[in-house]
Amino acid sequence: PIAKKRSDYQQPDFLISHVDMVFHLDIQKTRVITTCQFSRNGEHNRPLVLDGESITLIKVVLNDNLISDYDVNSEQLTIPTTEDEFTLCVETVINPEANKTLEGLYFSAGAYCTQCEAEGFRKITYFLDRPDVLAKYDVTIYADKARYPHLLSNGNQIDKGQLDDGRHWVKWQDPFNKPSYLFALVAGDFDLLTDNFMTQSGRNVALELYVDKGALDKGHHAIASLKKAMAWDEQVFGLEYDLDIYMVVAVDFFNMGAMENKGLNVFNSKFVLADAESATDDDFFNIEAVIGHEYFHNWTGNRVTCRDWFQLSLKEGLTVFRDQQFSADMSSPVFNRIKNVQIIREHQFAEDASAMAHPIRPEEVIEMNNFYTVTVYDKGAEVIRMMHTLLGADGFRKGMDLYFARFDGQAVTCDDFVQAMQDATGIDLSQFRLWYSQSGTPKVTVSDEFDLSTGRYTLTFGQMTPPTADQKTKQALHIPFRFELLDEQGVAISDDSVPELKAKMIELTQDVHSVSVSGLNAKPTPSLLHNFSAPVKVDYAYTHQQLSSIILYSGDEFARWDASQSLYSRCIHNLATAPDSPDNALFDSMLDSIGGVFALADTNPALAAAMLSIPSFETLSQQVDEIQVEALYHAQRSVRHLIATALSDKWLTLYNNQVVGAYQYKADDVDKRRLRNLSLSYLVQGDATQASELLHAQFSQADNMTDSLGALKAAQYGKLEQFDQLMVQFEERWRHDPLVLDKWFALHANMERSDILARLPLLLSHEKFSLDNPNRVRSVLGSFAFYNVLGFHAIDGSGYKFLADYLLKLNSVNPQVAARVITPLTQWQKFDPKRQELMRYQLARIADCKELSKDLIEKVSKSLN
Ligand code: HT7
Ligand code: ZN
């Protein structure tokens with residue numbers, strides 16, 4: 001396959017003003033009749049070339065004349081017309097049941113559903129399937145009424161009727177221009193939850209949530225979240241919903257989280273359905289966030305869309321930023337910020353260090369589905385956040401207003417967005433634009449000097465971005481770097497004559513910068529990268545004492561958490577590299593500081609919980625040049641064990657202090673359950689009898705999934721005997737609930753046990769496992785490959801082989817999901833030479849597969865280069 005390049009962008013040869021589609025739904029033979037009004041774009045005489053894949057062409061009618069002088073191959077339909085304005089009607093047949101890729105129109109669990117982003121519309125009909133061709137759509141759907149009482153598409157329902165043969169039809173009209181990737185159709189028998197929302201200008205919007213039969217009670221949280229999101233976007237950005245109806249459909253078979261189709265969102269049921277018994281607090285949180293994310297796309301993505309797919313971050317980075325701000329406003333800002341940063345440090349930094357490294361606006365793409373990445377989404381959101389920091393909240397809002405005023409109804413570029421931000425505020429963002437084209441994780445090295453005789457303190461910042469697989473040379477970036485200086489009492493030093501101190505921020509634009517302060521009588525402690533003001537790594541040689549001081553006194557809660565993580569990381573790396581001569585002073589210092597954090601549990605429980613959690617293996621991995629798997633893993637466990645046992649009384653008190661009534665999803669209770677489950681996970685490493693009693697009581701008395709799962713995870717982590725038996729009980733109780741069963745599968749796949757590779761095939765032959773179901777695949781293969789450190793990285797290569805074996809099967813079923821789950825194998829660069837070789841061997845095996853999908857070809861070939 002050939003890569004497309006961003007620099008090759010050309011305007012479309014033709015435009016489409018109107019699309020009329022008629023669907024005759026049939027499980028194996030759905031007939032689609034598409035009639036479009038075309039006009040030639042510019043002066044040229046090129047033929048009309050339409051995209052189309054996996055569809056059977058029945059006939060082509062040009063301006064009412066049946067034609068046959070067209071060319072059709074497996075990817076395109078070419079119509080040799082010289083007219084400037086014409087009507088083209090194309091009839092195609094598709095097989096939704098055979099479509100396991102879950103792209104285009106597919107049939108699963110008794111319902112029809114579409115997924116068109118990025119290039120799925122071409123699996124439905126021949127079309128100019130690119131985001132810069134915007135049109136108005138009328139869609140008529142015919143289907144059997146008894147089996148498919150609900151026939152849905154974008155926009156407003158404008159007509160409906162009944163046929164004598166038991167079929168009915170519904171016609172939808174979308175008054176807004178949209179690209180084909182926002183098209184949607186759903187047909188099935190659902191339960192329907194309805195509500196409404198009054199917009200700030202007084203329009204009433206009907207809200208409709210379609211869920212599986214019997215699941216109505218699990219839809220209330222999603223509807224409540226939607227109303228919060230609608231109100232938030234009005235308050236914060238002045239953005240109001242524009243249609244009279246907003247529909248959300250929850251389906252069990254879905255490749256990603258959800259899809260923002262105009263007026264008709266389709267969701268993975270994981271991000272809709274929740275009740276106390278079956279969903280955790282994290283599930284409730286994620287539902288609110290994803291419902292928000294898709295809703296926010298209505299303006300950032302739908303009203304203003306992307307010119308081409310290289311610009312994906314235009315809508316995704318911006319919408320992730322908006323959903324992060326929404327979540328922060330709905331709960332604890334610092335806890336949210338920590339979660340965002342953990343994703344960057346665990347996954348985005350890893351992507352930068354791998355062969356898949358790319359800028360947030362990629363330059364070259366073989367399969368677009370491979371670029372829905374943490375870089376485009378989450379680093380993209382960090383880039384938007386940096387503009388928010390540089391421009392201030394008011395400046396950012398002015399920029400957004402100008403962006404919508406200029407580009408509403410258009411398909412535009414990331415440059416257009418930055419230009420609007422610059423024009424609205426007068427702030428020069430020319431160097432800042434490099435963040436869009438440069439890949440990699442910048443490193444900011446900080447050093448300092450203090451002259452006691454003059455009282456002068458100088459802080460020097462150096463920036464450097466190491467080469468990445470896709471780009472060898474790097475330039476200096478415009479980095480907003482927030483910081484403060486603490487005196488010996490932990491009080492922030494203020495000196496208005498130093499602008500950077502006054503602003504608590506330095507804008508790094510060159511390789512090296514310095515800031516000096518005079519008149520100090522002792523060397524201060526720099527508290528660096530407040531609120532993670534830029535997606536960079538920081539290198540500064542903190543003393544243990546300085547870290548403790550930041551933990552206690554920094555004015556930035558994020559920095560306090562970050563310092564706690566640095567202290568833990570230091571202990572873990574120390575133990576990993578010098579297991580026989582641990583630095584006891586360091587461990588004492590850590591226990592001392594962490595011991596003090598318990599006091600925070602009453603006043604700031606969300607921050608306390610985050611500070612009492614040690615860094616993940618994935619985060620620790622990004623802090624070293626070469627990952628020593630066993631040493632790092634065992635060091636992490638040992639430090640956890642030390643914290644568990646040295647502070648066991650505190651853990652028990654903390655556990656017992658978290659008293660919560662009947663389940664409610666509200667901030668106070670969420671914090672308490674989090675602290676309680678965190679305590680339990682430490683307590684299982686101490687007194688075994690006591691832990692086992694607590695855990696048993698919690699599991700049997702829990703009225704909610706957070707506590708049930710908390711008990712199970714603690715039993716798993718502590719390798720308690722009762723784990724297997726609890727898992728059996730859990731399976732019996734939940735075997736008919738797919739979302740809970742996914743948790744059960746994931747727990748099994750994550751288990752640290754020497755026979756894990758013998759057990760995994762049992763999981764895959766479980767009657768409830770199917771390669772057709774992406775959630776199930778992610779629960780087993782994804783959990784194992786991403787999080788079962790010792791199993792996946794077994795030194796005999798059996799973990800890698802296991803993954804490769806199943807990816808080869810998944811390749812022909814669902815290439816998009818296969819290409820996501822392969823990620824850990826493509827990140828071989830940081831492992832020891834032996835593992836590198838074993839991982840590359842499996843990648844080469846996959847590469848040898850004759851019928852490899854474009855998705856896997858792109859990832860595997862990059863990784864092997
Ligand atoms: N814009 C959507 C991205 C997407 C997607 C969603 C579901 C299935 C396949 C998909 N391919 C791309 C989701 C979002 O970011 O909101
Ligand atoms: Zn999105």
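What follows is calculated from the coordinates using simple rules that are stated; it is not laboratory data. Note that the structure is predicted; figures quoted are calculated from it, not measured. For neighbour counting, all protein chains shown are included, and Cβ atoms are generated from backbone atoms with ideal geometry for every residue, glycine included.
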- Item | Contact order normalised by residue count of the chain, Cα under 8 Å, 6+ apart, percent | 8
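Using the C-alpha gyration tensor of the stretch 330-454, what are the square roots of 5 times its eigenvalues, in whole angstrom, with the largest one first? Before the final figure, lay out each step's value.
Working: eigenvalues 145, 109, 53 Å².
Largest first, the stretch 330-454 gives 27, 23, 16 Å.
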- Sparse-neighbourhood loop sites, GluC sites (Glu not before Pro) in the stretch 718-822 - DSSP loop, at most 11 other Cβ within 10 angstrom: GLU721, GLU767
- Message: I'd like the per residue volume of the convex hull spanned by the Cα atoms of the stretch 517-640, given in cubic angstrom.
- Response: 129
- Query: ³J(HN,Hα) across the stretch 714-720 via Karplus (A = 6.51, B = -1.76, C = 1.60, θ = phi - 60°), whole Hz, x for Gly/Pro?
  - Reply: 5, 5, 5, 5, x, 6, 6
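In nm, what is the difference between 0.36 nm times the number of residues separating ILE427 and SER861 and their Cα-Cα distance?
On the way: separation 434, 0.36 × 434 = 156.24 nm, distance 4.18 nm.
Result: 152.1 nm gained on full extension.
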- Could you give the Stokes-Einstein D for the stretch 486-548 in µm² per second, using the C-alpha Kirkwood radius, 10 °C, 1.306 mPa s? 119
- Note on the structure: Summing +1 per Lys or Arg and -1 per Asp or Glu among the other residues with Cβ less than 9 Å from PRO362's Cβ gives -1
- Message: If packing is taken as the average number of other Cβ atoms within 10 Å across a peptide's residues, how do 262-273, 464-475 rank, most packed first?
- Response: 262-273, 464-475
- A chain fully extended from GLN200 to ASN63 at 0.36 nm per residue, minus the present Cα-Cα distance, gains in nm 44.8 nm
- If R0 is 35 Å, what FRET efficiency do you get for THR454 and GLN510 from their C-beta distance, rounded to 0.05? 0.85
- Item | Extent along principal axes [Cα atoms of the stretch 649-789; Å; largest to smallest] | 44, 33, 26
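Can you tally the net charge around THR305? Count Lys and Arg as +1, Asp and Glu as -1, for every other residue whose Cβ sits under 9 Å from the Cβ of THR305.
On the way: positive: LYS178, ARG303, ARG307, LYS315; negative: ASP132.
Surrounding charge for THR305 is +3.
Tell me, what is the FRET efficiency for ILE158 and THR87 to the nearest 0.05, using R0 = 22 angstrom and their Cβ-Cβ distance as r? Present the calculation step by step, with values, prior to reporting the outcome.
On the way: r = 21 Å, r/R0 = 0.95.
Computed FRET efficiency for ILE158 and THR87: 0.60.
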- Task: Enter the Cα centre distance for the pair the stretch 700-748 and the stretch 778-820, rounded to the nearest angstrom.
- Result: 23
- Antiparallel DSSP beta bridges within the chain, percent to nearest 5: 80
- So the FRET efficiency between SER7 and ASP165, C-beta based with R0 = 51 Å and rounded to 0.05, is 0.40
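For a quick protection proxy, order the peptides 26-34, 81-89, 61-69 by their average other-Cβ count within 10 Å, most packed first. Spell out each step's value before the answer.
On the way: 26-34: 17.1, 81-89: 15.2, 61-69: 11.1.
Ranked by mean Cβ neighbours within 10 Å, highest first: 26-34, 81-89, 61-69.
Let me know the volume per residue of the alpha-carbon convex hull for the stretch 190-282, in Å³. Each step should come with its number before you reach the end.
Values: hull volume 9.8 nm³, N = 93.
Hull volume over Cα atoms, normalised by residue count, gives 105 Å³.
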- Message: What percent of all Cα-Cα pairs in the stretch 99-222 falls into each 5 Å bin, going from 0 up to the bin containing the maximum distance?
- Response: 2, 10, 15, 19, 21, 18, 10, 4, 0, 0
- Semi-axis lengths (Å, descending) of the ellipsoid that matches the C-alpha gyration tensor of the chain: 46, 33, 27
- When only C-alpha pairs under 8 Å and at least 6 residues apart count, what is the relative contact order of the stretch 735-865, in percent? 21
- Message: Given bins 10 angstrom wide, list per bin the percent of all Cα-Cα distances in the stretch 752-865, short to long.
- Response: 14, 50, 32, 4
- Mean Cβ count within 10 Å, highest first, over the residues of peptides 442-450, 199-207, 301-309: 301-309, 442-450, 199-207
- Task: Give the Cα extents of the stretch 15-188 along the principal axes, in whole Å, largest first.
- Result: 50, 31, 30
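Convex hull volume of the Cα atoms in the stretch 241-284, per residue, in Å³? Walk me through the numbers before you get to the answer.
On the way: hull volume 4.0 nm³, N = 44.
Expressed per residue, the convex hull around the Cα atoms of the stretch 241-284 is 90 Å³.
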- Item | Where the Cα pairs of the stretch 351-419 fall when distances are cut into 10 Å bins, in % | 17, 41, 32, 10
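Which whole-number percent gives the relative contact order of the stretch 305-426, counting Cα pairs below 8 Å spaced six or more residues apart? Spell out each step's value before the answer.
Values: 120 pairs, mean separation 44.3, N = 122.
Normalised by residue count, the contact order of the stretch 305-426 is 36 percent.
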